[in-house]
Amino acid sequence: MGLPRGPLFWLLLLLAAACSGILFALYSSATKRYPGPSARARDATSPQALFGPKASKAGARKRQHCHHPLYLTIQRDPHFQGLFDLSTPVLLWGELFTQELWDRLSRHKAPYGWQGLSHQAIASTLTLLNGSGNAKLFAASGEPPPGCVRCAVVGNGGILNGSRQGLHIDTHDYVFRLNGAVIKGFEHDVGTKTSFYGFTVNTMKNSLISYWNLGFTSVPQGQDLRYIFIPSNIRDYVMLRSAILGVPVPEGPDEGDIPGPTAPPTAGAPACPSPRSPAGSTTGRPALSTSFVGPRPQSYFGPGASASKFKLLHPDFIRYLTERFLKSKLINTNFGDLYMPSTGALMLLTALHTCDQVSAYGFITSNYRKFSEHYYDRKKRPLIFYVNHDLLLEAALWKDLHKAGIIQLYQR
Ligand SMILES: *[C@@H]1O[C@H](CO)[C@@H](O)[C@H](O)[C@H]1NC(C)=O
Ligand SMILES: *[C@@H]1O[C@H](CO)[C@@H](O)[C@H](O)[C@H]1NC(C)=O
């Protein structure tokens, strides 16, 4: 409705969106002493519905029931029990791709649907997501999930600087990280374990550009690590397909990137010379540049990537989360089309719909002004708010979920 949307307007918005995607995830902070895992261990009757029959059998091996399983805590809360629908599918995979789904999702814009996107591009990606590993977050790989699935979701907020939460974080069964998740040098504060890395192609590539100088020189990789694609754009579907097939991205802004497993090895050469941006030696986030200065794309997901390594959030799930939990007033402004929950919010809410117990670290708290934007900033910088996310609304949600005992929000 009002604003003329010339090329400059879009460019600025895209820049804002690009940075913000990254920044956001990062929140964090708070006011109360964190009770620590033992103070409030949740316990679980294992939700067979979420993990499937295999998981519950596996649970028998490592009986560790939650004292306060998430779904019971939710049921007892008058506000949140009306919001949560734990039967909503979290992931999209090949078998769910039907004409009916196509027709329905074609009525919504990304990330909530496929309006204007190519049927061929979507179909060719989803056909590759045909294994049971694509249908469930904790699909059997290595260790079976325990009876009580305890998850930590680690945002990148400055509250983690000096927090010494690394060991607590690593004791969780699964650790979720996102965007510019720097680990090296911050192990005491953020731990080392990564089970899931969540991102959009846009936030991943911008994190590599913006935080390269601060230590984010590669996306977390590992044999047991799984990637959660957030389909915010056609780019995400296109990159996902190339990642599975190990072929260069054929089109679009990522054309030529080789994200997958069968890319030629880099023969020991450093992926990229160390950046020499002017801001590099001191503190700053370097200005977003149009040329990509991060590692070569084939190293995004490391060797050995295959379809089972990738999960894709269901557009219906993102829409459900937005409508129920993060329905921002921004939606009814000129920026409405840009708005979506932050990467951090999507990961935390994903964990809430799949784990039995969830701790959130590095997420925005009411005293966020006390902390730098990121734990790895060299000099304190304020958290920046962009129009494509509503961090204050997210902060209020984390606070309420913590008060209700549904998450344990790390605060200090
Ligand atoms: C998935 O599809 C690929 C390619 O069409 C095929 O090779 C593979 O066997 C399928 N996997 C399963 C679990 O159906
Ligand atoms: C991180 O914490 C240390 C002390 O624990 C402090 O000196 C430093 O300024 C903090 N960094 C930022 C960016 O706030």
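Taking the inverse of the mean reciprocal distance over all distinct Cα pairs, the Kirkwood hydrodynamic radius of the range 298-412 comes to 16.0 Å. On the accessible surface of the range 171-260, probed at 1.4 Å, how many percent belong to carbon and sulfur atoms? For the range 171-260, the apolar C and S fraction of the accessible surface comes to 49 percent.
Restriction of the trypsin sites (Lys or Arg not before Pro) in the range 123-221 to DSSP coil positions whose beta-carbon has at most 14 other beta-carbons within 10 angstrom yields Arg164, Lys184.
Classify the range 63-124: rounded, prolate or oblate, from the alpha-carbon gyration tensor (a ≥ b ≥ c, eigenvalue square roots; a/c under 1.5 rounded; otherwise prolate if a/b is larger than b/c)? Cα axes put the range 63-124 in the prolate bin.
Peptides 77-84, 65-72, ordered by how many other C-beta atoms sit within 10 Å of their residues on average, highest first, read 65-72, 77-84. In this structure, the pairs whose alpha-carbon distance is over 23 Å, taken from Lys327/Lys379; Lys109/Lys327; Lys193/Lys309; Lys193/Lys379, are Lys327/Lys379; Lys193/Lys379.
On a per residue basis, the convex hull of the C-alpha atoms belonging to the range 113-202 measures out at 146 Å³. Bridgeable aspartates and glutamates around Lys329 (alpha carbons under 19 Å apart, same-chain partners fewer than 8 residues away excluded): Asp337, Asp390, Glu394, Asp400.
Grab the other residues whose beta carbon is less than 12 angstrom from that of Arg235, score K and R as +1, D and E as -1, and report the net. Its environment carries a net charge of -3.
Mean sequence separation of contacting Cα pairs (under 8 Å, at least six apart), scaled by the length of the range 141-259, corresponds to a relative contact order of 19 percent.
Mean projected area of the Cα convex hull of the range 180-236, taken over all directions, amounts to 4.1 nm². Counting only protein heavy atoms and a 1.4 Å probe, the range 126-251 has 31 square angstrom of accessible area per residue.
Expressed as a fraction of 2.2 N^0.38 Å, the value expected for a compact globular protein of N residues, the C-alpha radius of gyration of the range 345-412 is 1.15.
The values are calculated or read from the model by the stated rules, or taken from the named source; none is laboratory data. In this text, all values refer to a predicted model and were calculated from it rather than measured experimentally. Note that each Cβ is placed from the backbone with ideal geometry, even for glycine, and that neighbours are counted across all protein chains shown. The protein model used for the area step is the full one, side chains on, heavy atoms only, and it has no ligands, DNA or RNA in it. Shrake-Rupley method; radii C 1.70, N 1.55, O 1.52, S 1.80 Å.
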